[in-house]
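Taking it in order: structure first as structure tokens, then the write-up.
The values are calculated or read from the model by the stated rules, or taken from the named source; none is laboratory data. Everything numeric here is computed off the predicted structure, so don't read it as measured data. Ideal geometry is used to build each Cβ from the backbone, glycine not excepted, and the neighbour counts take in all protein chains shown. All accessible areas refer to the heavy atoms of the entire protein, side chains included, with ligands and DNA or RNA removed. Shrake-Rupley method; radii C 1.70, N 1.55, O 1.52, S 1.80 Å.
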Amino acid sequence: MNISLAIMYLYPDADSMKDFIVQDNGPEPVLRPGAEVKGRVRYEIKPPEIGEQPVEGVHYRHGIDYNLLTEGEDYDLVERGPHIAVWNLDAPQPTEAELQAAWEAYQEAEANKPPVLTELEQLQQENLWLKAQNNALSERADFIEDLIAEMATQVYT
């Protein structure tokens, strides 16, 4: 399912760069219980002033160093797949079922869309139409000519 196209089908006026963002991060690590302590690392941001107590988020932060952990033992790589990362529309964010229904409706609408003709095909089609129009005008002119000739014979005889 293409989530972006499904959302655009549901909300045609939405801008995919401002109103919502769909992303796929690929496989992401998910920690198992107890592994956070094993892989926890303190990163220094800036040293505290003399006599100042270090504050988390200002002077340091904690993070997970996956090089200290073992895949399959401390963490697993999980594929989340494409998902809505940002939703800025006033309408409620659609559920998976609504997105799936919109995707199916979008595919059906695309299948029922008349085929787009290439420039050559458009010109060939226009040429056929102009030839048919030319033939119709020619036949009408012949009819009018025959009508005038018949009227002339009626008047002059």
- Task: May I ask you to say which residue of Thr95, Thr70 is under 23 Å from Phe20 (Cα atoms) and either without any contact (Cβ under 8 Å) to a residue 60 or more places away in the chain or open to solvent by 90 Å² or more (accessible area, probe 1.4 Å) (or both)?
- Result: Thr95
- Message: Need pairs with beta-carbon distance below 6 Å; first residue farther than 14 Å from Trp87 by Cβ and within the stretch 1-24, second part of a helix (DSSP H, G or I) and not polar (S, T, N, Q); sequence gap 6+ or separate chains.
- Response: Met1/Trp103; Leu5/Tyr106; Tyr9/Ala102; Tyr9/Tyr106
- strands (runs of 3 or more DSSP E) (entirely within the stretch 46-88) containing at least 1 residues that are in contact with a Gly (Cβ under 7 Å, 6 or more places away or on another chain) and farther than 30 Å from Asp15 by Cα: 60-64
- Just a yes or no: is a residue in the stretch 73-89 over 23 Å from Val22 (Cβ atoms), touching a residue at least 40 places away in the same chain (Cβ under 8 Å) and open to solvent by 100 Å² or more (accessible area, probe 1.4 Å)? yes
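Here's the yes/no breakdown for (1) surrounded by fewer than 11 Cβ atoms within 10 Å (Cβ to Cβ); (2) modelled with pLDDT of 90 or more:
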| site | (1), (2) |
| --- | --- |
| Ile3 | no, yes |
| Met8 | no, yes |
| Tyr11 | no, yes |
| Ile21 | no, yes |
| Glu36 | no, no |
| Tyr43 | yes, no |
- Query: Can you name the residue in the stretch 110-121 that is part of a helix (DSSP H, G or I) and open to solvent by less than 100 Å² (accessible area, probe 1.4 Å) and is also nearest to Asn2 (Cα to Cα) among such residues?
  - Reply: Glu110
- Message: With the structure loaded, tell me whether Val58 is over 30 Å from Ala6 (Cβ atoms), out of contact with any His (no Cβ under 8 Å at 6 or more places or on another chain) and open to solvent by 80 Å² or more (accessible area, probe 1.4 Å) or whether it fails that test.
- Response: no
- Could you say which residue among Gln124, Gln100, Gln154, Gln107 is in a helix (DSSP H, G or I), under 30 Å from Met1 (Cβ atoms), open to solvent by 80 Å² or more (accessible area, probe 1.4 Å) and of a type outside the set (D, E, K, R)? Gln107
